[in-house]
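The values are calculated or read from the model by the stated rules, or taken from the named source; none is laboratory data. Remember, it's a predicted structure, so these values are computed and weren't measured experimentally. Positions of Cβ are generated from backbone atoms using ideal geometry, with glycine treated the same way; all protein chains shown enter the neighbour counts. These accessible areas exclude ligands, DNA and RNA; they are computed on the full protein's heavy atoms, side chains included. Shrake-Rupley method; radii C 1.70, N 1.55, O 1.52, S 1.80 Å.
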Amino acid sequence: MKVSNCMTTDVQITDPEQTLRDVALMMGRLDAGVLPVGENDRLVGMITDRDIAIRGVAEGMGPDAKVRDVMSTDVKYCFEDEDVEDVLHNMGDLQVRRLPVLSRSKRLVGIISLGDLAMKGEAMETGKALSGISQHGGQHSQTAH
């Protein structure tokens, strides 16, 4: 199965100059914990509710701080034509629960999550990925920053 068969295509994008307040409100409206950050028609980062809490609030930033100040810029992604099994393996290795999905021309076309994959019948591979993701620490640990 290809990523394009499982991904969520209705993706909202935020701007690096938006405030943490605006992004938190957007996340609340969307019932989402992560948003891609785009600038000049390119994906430049990802911001999570955890980024806002740990890199923002816990570091003394207020609601008017900018997305740019707390977002992750080392964005890992996958392509819409990749096989789901390969992407799940990579998610486990990278210790991430979601990945932005790009077209081969590097345009954002969706997001894929472990939940999307579990719902599409990839339960065994999803379980293996979750096992890797759930390991303590890792490259995307908030304590590493």
How many residues does segment 76-96 contain that are under 16 Å from VAL11 (Cα atoms) and open to solvent by 20 Å² or more (accessible area, probe 1.4 Å)?
3
Among the residues of segment 1-34, what is the count of those that are modelled with pLDDT of 95 or more, in contact with a strand residue (DSSP E or B) (Cβ under 7 Å, 6 or more places away or on another chain) and part of a helix (DSSP H, G or I)?
3
From (1) open to solvent by 90 Å² or more (accessible area, probe 1.4 Å); (2) more than 14 Å from THR19 (Cα to Cα), pick out the condition that doesn't hold for ASP116.
(1)
If I filter segment 6-23 for residues that are over 14 Å from the mean Cα position of the chain (by Cα), surrounded by 13 or more Cβ atoms within 10 Å (Cβ to Cβ) and within 19 Å of ALA118 (Cβ to Cβ), do I get at least one hit?
yes
Select from segment 29-52 the residues that are of a type outside the set (Asp, Glu) and over 16 Å from the mean Cα position of the chain (by Cα) and write down the one among them that is nearest to LEU102 (Cα to Cα).
ASN40
Which one is nearest to GLN18 (Cα to Cα) among residues in segment 29-57 that are of a type in the set (Val, Ile, Thr) and touching a residue at least 60 places away in the same chain (Cβ under 8 Å)?
VAL34
Return the total of residues in segment 79-99 being at pLDDT 95 or above and not acidic (Asp, Glu).
1
ILE47 fails exactly one of (1) within 27 Å of ARG104 (Cα to Cα); (2) open to solvent by 70 Å² or more (accessible area, probe 1.4 Å), namely (2)
Could you go through segment 55-63 and let me know if any residue there is over 15 Å from ASP15 (Cβ atoms) and either acidic (Asp, Glu) or touching a Gly at 6+ places or on another chain (Cβ under 8 Å) (or both).
yes
Please pick out the residue among ARG104, ARG98, ARG68, ARG50 that is basic (Lys, Arg) and closer than 17 Å to LEU117 by Cα.
ARG98
Inside segment 91-101, can you point out the residues that are within 23 Å of ASP49 (Cβ to Cβ) and either touching a residue at least 24 places away in the same chain (Cβ under 8 Å) or outside any strand (DSSP E or B) (or both)?
MET91, GLY92, LEU94, GLN95, VAL96, ARG97, ARG98, PRO100, VAL101
